[in-house]
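Right, one structure below, let's go through it.
Please treat every number below as a calculation from the coordinates, not as lab data. Since the structure is predicted, the reported quantities are computational estimates derived from the model, not experimental observations. Because the Cβ atoms are built from the backbone with ideal geometry, glycine has one as well, and the counts that use them run over all protein chains shown.
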Amino acid sequence: MRVLAFLDGTLADPDAAHIRVDDLGLMRGDGVFETILVTDGRPRELGPHLDRLARSAKMLDLPEPDRAAWERAVRAVLDNWSGGAELALKLVLTRGIDGDPEQRPTGFALGMEIGAAVLRGRAEGVAAITLDRGIDPGLAERAPWLLLGAKSLSYGINMAAIREAVRRGADDVVFTASDGSVLEGPTSTVILLRGRTILTPPEHIGILPGTTQAGVFRGAEKAGFATKVEPLRVDDLLTGDGLFLASSVRKLTRVRSLDGTALPAATEAHAELSAAYEAEYA
Ligand code: PLP
């Protein structure tokens with residue numbers, strides 16, 4: 001089941017072709033996107049996702065997204081969804097057609113079923129490996145044109161990292177900087193549990209500010225956890241009381257092992273944090 005809507009709110013057949021071959025999103029990965037979890041017809045963190053779409057667009061010097069148009073497209077998808085109670089809603093915005101003098105952006109919203117691998121990860125956790133991202137933590141601020149921390153369509157490296165993890169018998173990745181500090185997953189935010197404190201690295205090191213991480217932290221604070229945003233090293237991940245990868249569609253997924261080292265199952269804390277996160281959307 002898939003539902004496709006354009007920015008004017010019109011629906012289209014998701015199995016038919018709609019994007020021109022000279023669209024810069026296709027030709028150069030020149031655009032931005034968001035993936036939003038929808039449960040029982042309600043998109044989670046729609047405001048923060050649209051804010052982040054605008055932030056990414058600004059980083060790429062794209063025109064500011066028309067918020068009302070995006071809300072209309074989201075509504076059109078959700079009003080026409082007849083699949084399960086949960087779906088992944090992808091918003092894609094590209095620079096449009098190469099050479100278009102008006103530079104009209106291409107944009108669409110696509111509702112999709114959630115994949116089996118994500119559901120398995122939610123239930124069973126994942127095995128992760130660390131991979132060097134080859135950047136230092138100061139690079140994002142020194143070189144904004146590298147678009148570190150933008151949710152751009154150029155996810156070739158992120159997908160290659162996940163394939164490398166699979167080649168090594170794992171499921172997912174924690175990227176590290178050249179000084180050994182922890183960055184993020186290719187499609188997720190790293191959250192570490194230490195006692196009754198949860199920690200995540202700061203965004204200024206060149207990572208995407210996670211909407212799920214923010215929701216988990218909000219809920220966790222209400223449930224009596226302390227939260228901290230601070231640089232983390234791989235050793236911290238190995239010696240903590242639990243490790244999670246957070247993203248909209250996977251929610252708070254446990255990391256069972258890192259580079260082959262078994263990590264604490266953190267079953268109770270995971271249940272407590274997940275409940276606190278869900279309570280934010282009850
Ligand atoms: N970091 C990266 C690189 C991502 O691609 C994502 C989501 O896909 C995240 C973090 C988590 O973001 P969110 O929780 O807003 O889905």
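Overview of results
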item: Entries in Lys151/Lys251; Lys58/Lys228; Lys151/Lys222 that, when Cα-Cα distance is taken, lie over 25 Å; result: Lys58/Lys228; Lys151/Lys222
item: Pairwise label distance in nanometres, Ala279 with Met27, each label 7 Å out on the Cα-Cβ vector; result: 5.2
item: Overall form of the stretch 176-266 per C-alpha gyration tensor (a/c, 1.5; a/b vs b/c); result: rounded
item: Projected label distance in nm at Arg194 and Ser257, using a 7 Å step from Cα toward the beta-carbon; result: 2.6
item: Principal semi-axes in Å for the chain [√(5λ), Cα gyration tensor, largest first]; result: 31, 22, 17
item: Spin-label pair Glu71/Asp8, simplified geometry with 7 Å Cα→Cβ offset, distance in nm; result: 2.1
item: Theoretical gain in end-to-end length, Thr227 to Gln103 [0.36 nm per residue, Cα-Cα removed]; result: 40.3 nm
item: Peptide ranges 237-243, 255-261, 276-282 listed from the most packed, as the mean C-beta count within 10 angstrom indicates; result: 237-243, 255-261, 276-282
item: Charge tally in the Cβ shell below 13 Å around Asp79, where Lys, Arg are +1 and Asp, Glu are -1, Asp79 excluded; result: +2
item: Size of electric dipole in the stretch 72-118: Cβ of Lys, Arg +1 and of Asp, Glu -1, about Cα centre, debye, nearest 20; result: 120
item: Net charge of neighbours whose Cβ lies under 14 Å from the Cβ of Val166, counting Lys and Arg as +1 and Asp and Glu as -1; result: +1
item: Residues with amide H under 5 Å from that of Gly125, placed H, sequence gap 5 or more; result: Arg254
item: Net charge contributed by nearby residues that have their C-beta within less than 11 Å of Gly9 (K/R +1, D/E -1); result: -1
item: Helical mean residue ellipticity (222 nm; -39500 (n - 2.57) per DSSP H run of 4+; nearest 500) of the chain; result: -9000 deg cm²/dmol
item: Residues Trp145 and Asp40, FRET efficiency given R0 of 45 Å [Cβ-Cβ distance, rounded to 0.05]; result: 0.65
item: Values of log10 I(q)/I(0), in the order q = 0.14, 0.19, 0.20 Å⁻¹, for the stretch 47-204 under a Debye, Cα-only, solvent-free model; result: -0.94, -1.38, -1.41
item: Considering only the chain, percent of DSSP beta bridges that pair antiparallel, nearest 5; result: 80
item: Student exercise, the stretch 85-207 dipole from Lys, Arg, Asp, Glu Cβ charges, in Debye to nearest 20; result: 260
